[in-house]
Ligand SMILES: Cc1cc2nc3c(=O)[nH]c(=O)nc-3n(C[C@H](O)[C@H](O)[C@H](O)COP(=O)(O)OP(=O)(O)OC[C@H]3O[C@@H](n4cnc5c(N)ncnc54)[C@H](O)[C@@H]3O)c2cc1C
Ligand code: SF4
């Protein structure tokens, strides 16, 4: 049997960071990822932060992947502005919360994980190969066994191999956690559910519409009636030539008031502020009723081709350096590109009856559970010689508008790497030596503190930012609370008291329908401006969204339902983001082919990731 | 050290959008893109497997015009080959399979500075009108054991023997898998069903390392390229090109279109109602009506 020092299970940002760091510590490690390529299984919102904290060291992305991260990595935009929009019907009240975004922040970039993680992988494997390690994709770890002091890793694809330690970075639906019973499955109280669509929009239109300089971006959070009465809210982040539009809701709140996830996104799209943000001029094929069926199809084919050329040229025209159209010699100047686009447009309109209408273009629909660190962080993030990091360890910062998981996973990865490296040097992988040390390092992380205690500085800043909003007209109860909080001395005492009570007791107050739905709606109603949209977006049906996704179907299902008649599984008929469940007689039946591996059904099923290379293949993530 | 040779071929790319035909229905070779033939690519995969599993070094050879270099480059991406050989001479023009085999035999004998090769792979056949005889004829000329349709193999380096699984068709009646053990050297034509099975972590890491290396090497493939004309290959002009080709192509017949009495109806799938008659028809056929 082959032997290795370290196996890292999972090639998301946490696992890749561990591989990079361990290799830079001159240790050899192999990383096993189930997806056919790195990045195809990972989803985020997402803003990747680099943070600082006076209370302790944070290991940031640039510490792991190099100071040239900003100039070399495929990041989307540097987030400069951060807004919260309270919504009620067509009334919107906007607050500028940029100081919250800047709080303890070195930088925050919008990212797409299917671009970023492959770049992490390239850097990590370069370092790993020097140490005799590397990345293996398309392999699914199915079991781990401890036999006579040996740790044996079993996969669906390769011969078993032996390791001295394991870093489990296999995400929120960690099978390693289940195999080792290091923690129980997360329950709906402990997690949030995220659903997202990627929307295409030309680079320069994004900059013009959001008032951005080139390479800069903004983040927009939404709360109020767009939540359909759930605890959570929407987000819209600008990428280079796409927008990430999504929503995150407390799973419990979805269970008590079930709604189809796609509808949560649709609700955002229908909001006039959002529909204006995502608007583009989209060609739609006209009818040619006077032609025979056969000729109609022929025309449709050539129109499709022409529209494709039109779109390609237009997106390039609206991007930096005109997408290289002039450099490559295809065109002499910008005017020439413009007139070519115009002439295709004219052809399409006059010859083929194509209409150019206001609409929006969706590229990818995705969904995933997110750990709410303050509720589900693993108290003891190890078992034997296995260390848990990132989502697998339930580590993430989820407070108000703040969702941070990528940066937390990177920080965890460095700590795990240092602990494992120390064990390799001493050849001691006992949990007393390895696990305890890792635990102490994790406890030193400022992120851990933020998962256990309220960050008073952050909350104070929030209160400062909203202190001038005249709540009196909005909500008398909140006004009283706020007035008290504005008093510095009272605020300090109150925060201390809150921290003594602990998150568990005060969460029902902070994370309530009142805070996420009612108050924002009242604010919008009383103080908001009316926003109107110039069109009605044509929202694709779920079947169209699924049809755009890429899968490599497995013939065998990776999920088995525990109790086909349970109330929980009945709710999944509505809650599964791709409608994999349906009722047949009295039984809830699964059709696994459309599964996007979000994990929402995992608590009521025997849930495994699909075998190597199988399942969903996201293109943006 | 295991020495592995691969014989490859630059072929027209028959995939959609890349192939062009003359008005008489024959292939327009000037307009059609050329790529490393799909069967050659599978032979490359088999050689690459030998590199990863047995640490083999790889030499690739092809007979063709100077543009065949591009096939050698693509093969280097797939194999991380140490050596690329182009056998190119005007004298080779008009060669049939026998004359081609003569060139390839001398080519193989010159690989790695005339070191003896242990295995030579070639594709099952070419996709542009070849008859699958080049491989066996080259093997015969080289005096190597020939193994056709190999779909899987294992090598015992100490004993210098290969155990190969071959697909055999019994006069079209049935297909069986034959397992055969024989001493090296061998000449193998690889079956299209072959897939490299890297089954251990080390093999997967090795495969990653060598394919990265191969991609990098191929950027400077000219450094690895050796070009041979008939003189350098010590060939007898009577045995190559047209003079060395006993095959006479008497006439090329176009395959006549089969007569059918099918009727085509185009259905617009955007209206689901249109699908009902289709489904009804399928059910009727399935019920044998
Ligand atoms: C809608 C949404 C918005 C978010 N917004 C943000 C944000 O703005 N900022 C932020 O920082 N974070 C955000 N997050 C959270 C963040 O995306 C995650 O915390 C982070 O991506 C988790 O990384 P990870 O490496 O721990 O896990 P994952 O990215 O889940 O990676 C786990 C990997 O392990 C692999 N794997 C699993 N099991 C096995 C197995 N048995 N064998 C082999 N491989 C296996 C999987 O294929 C996967 O690639 C958001 C999340 C969502 C869903
Ligand atoms: S089947 Fe389960 S894991 Fe798959 S998409 Fe539906 S809820 Fe998510």
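What follows is calculated from the coordinates using simple rules that are stated; it is not laboratory data. Note that the structure is predicted; figures quoted are calculated from it, not measured. Heads up, the Cβs are rebuilt from the backbone with ideal geometry, glycines too, and the neighbour counts pull from every protein chain shown.
Here are some notes:
- Ratio Rg/Rh [Cα only; Rh per Kirkwood] for chain A: 0.98
- Cα centroid separation - the stretch B:64-139 against the stretch A:109-129, whole Å: 39
- Relative contact order of the stretch A:283-356, pairs being alpha-carbon contacts under 8 Å that are 6 or more residues apart, as %: 48
- Cβ-based exposure ranking for A:183, A:606, A:154, in which fewest neighbours within 10 Å come first: A:606, A:154, A:183
- Subtracting the Cα-Cα distance of residue A:343 and residue A:490 from 0.36 nm times their residue separation leaves 46.2 nm of extension gain.
- Directionally averaged shadow of the stretch A:550-617, computed from the convex hull of its alpha-carbon atoms, nm²: 4.2
- Projected area, mean over directions - the stretch A:235-303, Cα convex hull, nm²: 8.0
- Each residue of chain B gets 218 Å³ once the volume of the Cα convex hull is shared out per residue.
- FRET efficiency for the residue B:156 to residue B:248 pair, using the beta carbon distance and R₀ = 45 Å, is estimated at 0.50.
- Gyration tensor over alpha-carbon atoms, the stretch A:316-461, equivalent ellipsoid semi-axes in Å: 54, 21, 15
- Overall dimensions of the stretch B:1-77 as given by Cα atoms, namely Rg and Dmax in Å: 14.8, 52
- The stretch A:285-363-the stretch A:497-516 distance, computed between alpha-carbon centres (Å): 53
- Using a cutoff of 8 angstrom between alpha carbon atoms and counting only pairs six or more residues apart, the relative contact order for chain B works out to 22 percent.
- Theoretical gain in end-to-end length, residue A:536 to residue A:356 [0.36 nm per residue, Cα-Cα removed]: 63.4 nm
- Cα convex hull volume per residue for the stretch B:249-289 (Å³): 140
- Cα coordinate range in the stretch A:283-356, projected on the principal axes (Å, largest first): 44, 17, 16
- Directionally averaged projected area (the stretch A:363-415, Cα convex hull): 4.9 nm².
- Counting beta carbons within 10 Å around each of A:299, B:249, A:111 and listing the fewest first gives the order B:249, A:299, A:111.
- Computed from the Cβ-Cβ distance with R0 of 45 Å, the FRET efficiency linking residue A:229 to residue A:284 stands at 0.85.
- At 0.890 mPa s and 25 °C, Stokes diffusion of the stretch A:1-130 via Kirkwood alpha-carbon radius, µm² per second: 147
- Residues A:220, A:211 arranged by fewest to most Cβ contacts within 10 Å: A:211, A:220
- Cα-based helix-to-principal-axis angle, B:275-286 vs chain B, degrees rounded to 10: 80
- Cα-Cα pairs of the stretch B:79-120 separated by more than 15 Å (percent): 49
- In this label model, residue B:174 and residue B:199 are separated by 2.6 nm, measuring between points 7 Å along each Cα→Cβ vector.
- Rg over Rh for the stretch A:418-557 works out to 1.18, both radii taken from alpha-carbon positions and Rh defined as the Kirkwood radius.
- Relative contact order (%) - chain A, alpha-carbon pairs under 8 angstrom, separation at least six: 21
- Rounded to the nearest 0.05, the FRET efficiency derived from the C-beta distance between residue B:26 and residue A:302 at R0 = 22 Å is 0.20.
- Each DSSP beta bridge with both residues in chain B is either parallel or antiparallel, and the antiparallel ones are about 45%.
- Estimated from helical segments only, the mean residue ellipticity of the protein assembly as shown at 222 nm is -10500 deg cm²/dmol, where each DSSP H run of four or more residues counts as -39500 (n - 2.57).
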